[in-house]
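> Quick one: this structure, given as structure tokens, is what I'll be asking you about.
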Amino acid sequence: MKSIRLATAVVVAAALSVPSTLVATAAPVDRTPGHSAKDTLRGAAPKGFHIGTAVAGGGHHESQPYPDPFTSDQPYRRVLAAEFDSVSAENQMKWEYIHPERGTYNFGMADKIVRFAKQHGQVVRGHTLLWHSQNPAWLEQGNFTAAGLRSILRDHIKRVVGRYKGSIQQWDVANEIFTDTGALRTTENIWLRELGPGIIADAFRWAHEADPKAKLFFNDYGVESVNAKSDAYLALITQLRAQHVPVDGFSAQSHLSIRYGFPGDLETNLKRFSALGLKTAITELDVRMDLPESGVPTEAQLAQQADYYTRTLTACLNVRGCDSFTIWGFTDKYSWVPVFFQGEGAATVMGDDFSRKPAYTALRNTLAARR
Ligand code: XIL
């Protein structure tokens, strides 16, 4: 099923493969029915501060009993346009989607997201170019020589970043390259394993050549606090910047759970990076919880979740250069959490019917207070 769908998409993408398909004129922003512009997250945000979401599609969605959310759920699209001024492809720019076969690119879905963003006055975060996960089989099992792999990565970065040149505000160039103990993932990550750590600098250089204006990021989870992993990033980025490698930012995914305490040193940690002159960002925030038997969160759980969302936002607002704050989906209807974390869920700011949870209101009020 998946391969048939992909094959069709590739043909369609080939037919449309002129970047001019990305040109769109700005249309008036749709409003969530019943809510005024001011009563939205993007309407409440201070000037220059981007409030984003992942765009649901691909990945776990393909095994769920609903059609592709982004292209088929009209109410979803209305909320997406009304509430956010930044979007990230949840899966559609990952290798397995955008480069499904050797030499074959499938830009169809990514183009649609970029076009939607233009139409609704949104910026785009690109995700991701060098990662150990969601790579196509042809790449992982290809037995390429080091020189072959290097040119595959170079071509991919030039082609993908080049296609969206001028349309992507921030790229997650390298994703999750360190383990929790701060060691490079030299076993699972094909690039680090086969090409050594020097490939990281090359990836940033190639991305910069392809789109000199895009801000280039390292992105990871479990780096919200000062710890071995965030220390490893601080050391690596310091070293790369001394070598004039074009690294612009460091971002904390922030997949949190109320099962654990809030990472209270998030602001302190981000400030270490900002002190190097880097941008920082929150890129994938969600706050999951253990669901009661009924499946319905308690009021206390929702209040605690709202508190985690607020504290994450406040930390970012308090750091110079942290002007991009993205939640990993806005409705529980499409969240990846129940699929990946057994027994947990309700991690986003809206219910299945797009009703606003306390976390939504807390975010909006926190933004409004900073205007
Ligand atoms: C997740 C997506 O949300 C799922 O749809 C997919 O099945 C797996 O990946 N860190 C990342 C994201 O950088 O790309 C991941 O997204 C979540 C963890």
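The values are calculated or read from the model by the stated rules, or taken from the named source; none is laboratory data. What you are looking at is a predicted structure, and each value in this text was computed from that prediction instead of being measured. Glycine also receives a Cβ, built like all others from the backbone with ideal geometry; neighbour counts cover every protein chain displayed. Side chains included, ligands, DNA and RNA excluded: accessible areas come from the protein's heavy atoms. Shrake-Rupley method; radii C 1.70, N 1.55, O 1.52, S 1.80 Å.
> By the scheme Lys and Arg +1, Asp and Glu -1, what is the net charge of all other residues having a beta-carbon under 14 Å from that of Thr348?
That sum, taken over residues with Cβ under 14 Å, equals -4.
> Now a separate question. Would you mind telling me the share, in percent, of accessible area of the chain contributed by carbon and sulfur at probe 1.4 angstrom?
The value for the chain is 54 percent carbon and sulfur by accessible area.
> Quick one: grab the alpha carbon gyration tensor of the range 56-101, order the square roots of its eigenvalues as a ≥ b ≥ c, and give me rounded if a/c is under 1.5, else prolate or oblate depending on whether a/b is larger than b/c.
Oblate, since a/c reaches 1.5 and b/c is not below a/b.
> Based on C-alpha coordinates, I'd like the Rg and Dmax of the range 277-371, in Å.
13.7, 48
> Then there is this: Efficiency by 1/(1 + (r/R0)^6): what FRET value for Asp68 and Arg102, r their Cβ-Cβ distance, R0 = 30 Å, to the nearest 0.05?
0.75
> Once every DSSP H run of n ≥ 4 in the chain is given -39500 (n - 2.57) and the sum is divided by its residues, what mean residue ellipticity at 222 nm do you get, rounded to the nearest 500 deg cm²/dmol?
Dividing the helical sum by the residues of the chain leaves -11500 deg cm²/dmol.
> Rank Gly58, Gly148, Gly277 by mean-square fluctuation in a GNM of the chain with C-alpha springs under 10 angstrom and give only the top-ranked residue.
Gly148
> So if I place +1 on the C-beta of Lys and Arg and -1 on the C-beta of Asp and Glu, and nothing else carries charge, what would the dipole magnitude of the range 24-369 be about its Cα centre? I want it in debye, nearest 20.
Rounded to the nearest 20 debye, it is 1300 debye.
> Ok, one more. Could you identify which residue out of Thr40, Thr104, Thr310 has the top mean-square fluctuation in a GNM of the chain using Cα springs shorter than 10 Å?
Of Thr40, Thr104, Thr310, the Gaussian network model singles out Thr104 as fluctuating most.
> Continuing with this model, one more query. Please give the contour-minus-distance gain from Glu194 to Thr298: 0.36 nm per residue of separation, less the Cα-Cα distance, rounded to one decimal in nm.
This chain segment gains 32.6 nm when fully extended.
> Another question about this same structure. Local charge sum around Ala117 (other residues, Cβ-Cβ under 13 Å, Lys/Arg +1, Asp/Glu -1)?
+4
> Could I ask something else about it? Rounded if a/c is under 1.5, else prolate if a/b is larger than b/c, else oblate: which is the range 99-186, with a ≥ b ≥ c the root eigenvalues of its Cα gyration tensor?
It is oblate, given that a/c is not under 1.5 and a/b is not larger than b/c.
> Hey, rough spin-label estimate for Tyr260 and Phe340, points 7 angstrom out along Cα→Cβ, what's it come to in nanometres?
Simple spin-label model gives 1.3 nm for this pair.
> Over the range 24-369, give the accessible area per residue in Å² for a 1.4 Å probe, as an integer.
38
> Taking a threshold of 32 Å on the Cα-Cα distance, which of the pairs Lys94/Lys357; Lys94/Lys213; Lys165/Lys357; Lys38/Lys229; Lys271/Lys333; Lys38/Lys271 fall above it?
Result: Lys165/Lys357; Lys38/Lys229; Lys271/Lys333 exceed 32 Å.
> Picking from Met350, Tyr334, Pro292, whose Cα lies most toward the positive end of the charge dipole for the range 280-371 (charges on Cβ: Lys, Arg +1; Asp, Glu -1)?
Met350
> Taking a 1.4 Å probe, which of Tyr221, Tyr360 shows the most accessible area, and what order do the others take after it?
Listed by decreasing accessible area, they come as Tyr221, Tyr360.
> Simple spin-label model, 7 Å along Cα-to-Cβ: Thr181 to Asp353 in nm?
5.0
> I've got another one for you. Among Ser355, Ser324, Ser167, determine the one that fluctuates most according to a GNM of the chain built with springs between C-alpha atoms less than 10 Å apart.
Largest GNM mean-square fluctuation: Ser355.
> Taking only Cα atoms of the range 24-369, what ratio of Rg to Rh do you get with Rh as the Kirkwood inverse-distance radius?
Value, to two decimals: 0.95.
> Where Lys and Arg each count +1 and Asp and Glu each count -1, what net charge lies around Ala275 among other residues with Cβ under 13 Å from its Cβ?
Net local charge, Ala275 excluded: +4.
> Quick one: which residues, 5+ away or cross-chain, put their amide H under 5 Å from the amide H of Ser88? H built at 1.01 Å from N.
Thr53, Ala54, Val55, Arg125
> Can you give the FRET efficiency to the nearest 0.05 for Ala146 and Lys47, using r as the Cβ-Cβ distance and R₀ = 51 Å?
With R0 = 51 Å, the Cβ-Cβ based efficiency is 0.60.
> Step through the residues of the range 248-259 one at a time and calculate ³J(HN,Hα) from phi using the Karplus curve (6.51 cos²θ - 1.76 cosθ + 1.60, θ = phi - 60°), rounding each to whole Hz and writing x for Gly and Pro.
So the J values, rounded to whole Hz, are 10, x, 10, 10, 9, 4, 6, 7, 9, 9, 6, 4.
> Relative contact order, percent, of the chain when contacts are C-alpha pairs under 8 Å separated by at least 6 residues?
16
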